[in-house]
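Each reported figure results from applying straightforward, stated rules to the coordinates on display, with no laboratory input. As the structure is a prediction and not an experimental result, all values here were calculated from the model. For neighbour counting, all protein chains shown are included, and Cβ atoms are generated from backbone atoms with ideal geometry for every residue, glycine included.
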Amino acid sequence: MKIAQHALFAIIAFYAANFFLNQPLSIIVTESIAAEAAQISKLLERLSASDKALKNARSDFQNQQQLGQLGASEVIDFYGYLSQLQKQVSKDCSALKGAGYDISQQRPCDGQNTASQPSEAEQANEQTRGDKVSQQNSQLSKELGEFDEMMLQEQARVKAAAPPGSNGQAGGQSGGGQSGQAQNANLNSGQAGAGAQPQGEVSTEASAPGAGAEKTVRTERFPEPVDTPNGSDDDLVARQLREAAEQEADPALRARLWDEYKKYKQGI
Amino acid sequence: MLLRFTLLLPIVLALLSGCTTIGFSQSAEPEAVLKKPAQEIAEAELLDVWVELFSPGTLPEDKEDASGLSLEIRKAEARYMPVQLRDTMAKTGYWGAVRVVPQGNQGGELLVKGTINSSDGETVELRITALDAVGREWFSRDYDAEITVEDYKKSERTARDVYQPLYNTIANDLAEYRSSLKPKEITEIRRVAALRFAANLAPDAFASYVQEKDGEYKVIRLPSDEDPIFQRANAIRDRDFLLVDTLNGHFDNFNKNMQVPYTQWRKTRLDEVLALREIETEARNRKLLGAAAIIGAIGVQILGGSENRGAANVASGVLVVGGAAALKSGFDKDSETTIHRDAIAELGDSFAAEAEPLVIEVEGETHELTGSAEIQYKKWQSLMKRIYAAETGLPVAETDPRKTL
């Protein structure tokens with residue numbers, strides 16, 4: 001009977017030991033896998049959300065652009081937002097890859113830059129784009145300056161070709177406050193804006209921020225050389241030359257414009 | 001009875017010579033005074049005007065009316081008259097910059113177009129159409145004036161063009177229409193003009209700012225004054241003005257060169273036309289007098305009666321002889337008209353020969369300048385597109401650079 005009891009205890013002990021020895025390992029393994037799966041699931045969920053937001057934003061942007069509801073500055077803002085969302089998608093893809101997930105299965109990660117430092121690469125791209133814009137702006141300014149010079153030469157030629165007894169002035173006739181020179185309207189205030197910026201400088205300073213506020217656009221002026229006539233009796237061409245010279249930032253070109261002005265004044 | 005015919009004769013002559021008049025008068029307001037605003041107009045409310053080179057129109061179909069006129073002269077006038085109208089409008093104070101532009105230009109806040117229906121030194125008729133940037137036609141009217149010898153004399157004294165009253169009338173009508181516009185409408189015209197230019201230059205950025213429906217344009221929204229793309233567009237628009245200003249220098253030179261020979265041609269042509277008309281009238285009157293005398297002679301013979309046969313024979317004889325002499329004299333006078341007709345044709349040829357090289361020269365200068373500016377403009381258009389793409393990172397659609405809003 002005792003033997004039977006011992007045998008029973010032995011069996012129970014064996015099963016109990018077996019139970020207690022095996023149980024913790026199973027739990028550890030299961031919990032570890034579950035945590036990993038949960039992390040991937042969370043990342044996938046985040047990727048899906050970012051991708052959805054990106055798609056929605058793109059769709060909104062296209063719709064609004066088609067309907068003509070976006071201004072240039074709004075377009076730029078929108079582009080910044082799209083760029084942020086794109087970065088988030090890239091970041092999520094990188095995190096998934098880091099978690100050992102095969103991201104080739106995920107469409108949002110197609111063609112994504114999942115390198116270890118994506119933001120740096122993008123920053124470099126942004127930098128390149130900024131440089132490009134700056135370079136193109138300089139090109140435009142240079143071409144505008146060349147055009148101004150060409151027109152000044154042409155106006156000097158017109159003056160030289162003027163029949164005797166006429167002043168040969170070039171330019172539209174002005175009846176009101178504006179001269180025949182170039183001018184542009186300040187659309188929001190309805191006020192007449194600045195005159196031509198002969199060197200094509202497109203940067204201006206506004207005295208008051210905000211659309212709709214009345215603004216004065218100011219262009220930097222450089223003083224005239226000491227031996228320059230005072231300009232009180234300037235005609236239209238002389239006035240244009242004088243203004244071009246006063247606003248010219250390049251000292252060499254400014255000196256040439258003042259020379260042209262003096263020559264023109266002497267010729268009158 | 002003889003007395004009866006003697007009284008009848010002047011009446012017959014008067015009836016036969018009918019409506020012939022020798023005097024000439026101006027049908028348009030001869031002393032049209034240029035109207036000016038009662039008070040200075042704020043700069044923001046001054047519209048820039050582009051006066052397009054006129055269309056030369058067609059010459060009269062009647063060979064006699066077209067004598068001494070030619071398309072070469074018309075082409076010269078089509079360049080001369082817009083400059084005169086420009087200067088007239090600029091004096092009023094109703095407008096901003098007033099410029100003459102070649103035909104087919106876009107960008108002006110108010111565009112004035114003209115066609116020369118007739119111009120021969122004695123009469124001038126122009127069709128003037130005014131359109132604003134919004135696409136609204138202000139009016140399309142015919143203006144005419146008749147010029148007298150006295151007007152030419154006065155023109156010499158005052159150094160004013162003889163067609164000046166006509167230009168004054170046109171300028172007054174334009175100013176009157178402009179005065180009827182509210183400041184809001186003026187602002188809208190200016191905005192549309194600027195945005196149409198910007199949209200043409202950078203359609204990706206600005207095409208959606210202005211909407212066109214049935215030829216009328218409406219501002220949908222406004223760009224910020226700090227918008228760099230809009231500032232660039234404005235900088236390029238300034239160059240467009242600069243180009244037009246330079247072209248106006250050439251047009252001014254053309255007018256200076258044309259002024260004396262053109263005025264001389266118009267005056268001399270009118271002198272010749274009047275002399276011709278006087279001779280023609282005199283010749284016709286003499287022929288009519290002769291014809292009337294002969295008719296009178298027949299009448300005397302028929303109605304004279306037997307009791308006065310002798311006197312009637314004498315009277316009819318005198319009338320026949322006198323009538324025949326008057327007829328001959330009328331035909332002789334007719335031959336004198338040939339001299340004046342030849343003079344009119346010769347004056348036309350001579351002035352056309354003088355004006356043609358001037359027209360060719362100014363046309364050449366215009367083509368050269370606008371041609372190189374057009375190439376430059378297309379380069380800027382492409383550069384603006386690239387800047388926009390680089391700035392926004394957006395793909396830009398390929399658009400037809402010739403398309404204008």
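Annotation: the residues B:V134, A:V158, B:V318, sorted from fewest to most other C-beta atoms within 10 Å of their own C-beta, follow the order B:V318, B:V134, A:V158. Close amide-amide hydrogen proximity is noted between B:V98 and A:Q173, A:S174, A:G175, B:V49, each under 5 Å apart and 5 or more residues distant or on a separate chain (H modeled in the peptide plane; Pro and chain starts excluded). Taking every residue in B:385-391 and counting other chain Cβ atoms within 10 Å of its Cβ, the average works out to 6. In terms of other Cβ atoms within 10 Å, A:C109, A:C93 run from fewest to most in the order A:C109, A:C93. Remark on A:A249: its backbone amide H falls under 5 Å from none of the residues 5 or more positions apart or on other chains, H modelled at 1.01 Å from N.
Packing around the peptides B:51-59, B:138-146, B:197-205, taken as the average count of other Cβ atoms within 10 Å per residue, puts them in this order, highest first: B:197-205, B:51-59, B:138-146. With a Förster radius of 51 Å applied to the beta-carbon distance between B:A325 and B:K36, the computed FRET efficiency rounds to 0.25. Whole-Hz Karplus values for the range B:162-172 come out as 5, 8, 3, x, 5, 4, 4, 5, 5, 4, 5 Hz, taken residue by residue from phi with 6.51 cos²θ - 1.76 cosθ + 1.60 and θ = phi - 60°; glycine and proline positions read x.
Between A:S48 and B:E212, the modelled labels are 4.9 nm apart [label points 7 Å from Cα along Cα→Cβ]. Taking square-rooted eigenvalues a ≥ b ≥ c of the alpha carbon gyration tensor, is the range B:43-262 rounded, prolate or oblate, where a/c under 1.5 means rounded and, failing that, a/b exceeding b/c means prolate? Cα axes put the range B:43-262 in the prolate bin. Remark on B:W138: its backbone amide H falls under 5 Å from those of B:A130, B:L131, B:D132, a criterion applied only to residues 5 or more positions apart or on other chains, H modelled at 1.01 Å from N. Reachable lysines from B:K91, Cα under 20 Å, same-chain residues fewer than 8 places away excluded? B:K91 reaches B:K35, B:K36, B:K113, B:K256. To the nearest 0.05, how large is the calculated FRET efficiency for A:N63 and A:Q153 if R₀ is 56 Å and r is the Cβ-Cβ distance? The computed FRET efficiency comes out at 0.65. Take each residue in B:130-143, count the other chain C-beta atoms within 10 Å of its C-beta, and the mean is 0.
Counting only residues at least eight positions apart within a chain, or on another chain, the lysines with an alpha carbon under 29 Å from that of A:K97 are A:K42, A:K52, A:K55, A:K87. Computed from the C-beta positions of B:Q103 and B:A353 and an R0 of 25 Å, the FRET efficiency is 0.50 to the nearest 0.05.
Placing a label point 7 Å from the Cα of B:D65 along the Cα-to-Cβ direction, the residues of the range B:94-136 with a backbone N closer than 19 Å are B:115-128. Across the range B:208-225, coupling constants 3J(HN,Hα) worked out from phi with the 6.51/-1.76/1.60 Karplus curve, θ = phi - 60°, read 8, 7, 10, 10, 10, 9, 6, x, 10, 10, 9, 7, 8, 7, 10, x, 6, 5 Hz, and Gly and Pro carry x.
In straight-distance terms, cross-link reach from B:K328 covers every one of the lysines whose alpha-carbon lies under 30 Å from its own, apart from those fewer than eight places away in the same chain; here that gives B:K63, B:K287.
Sequence-ordered 3J(HN,Hα) estimates for the range B:122-131 from the Karplus curve with 6.51, -1.76 and 1.60 and θ = phi - 60° stand at 10, 10, 9, 9, 10, 9, 10, 10, 10, 10 Hz, glycine and proline given as x. The order of B:H250, B:H340, going from fewest to most other C-beta atoms within 10 Å of their C-beta, is B:H340, B:H250. The mean number of partner chain beta-carbon atoms within 10 angstrom of a residue's beta-carbon across peptide A:128-140 is 4.
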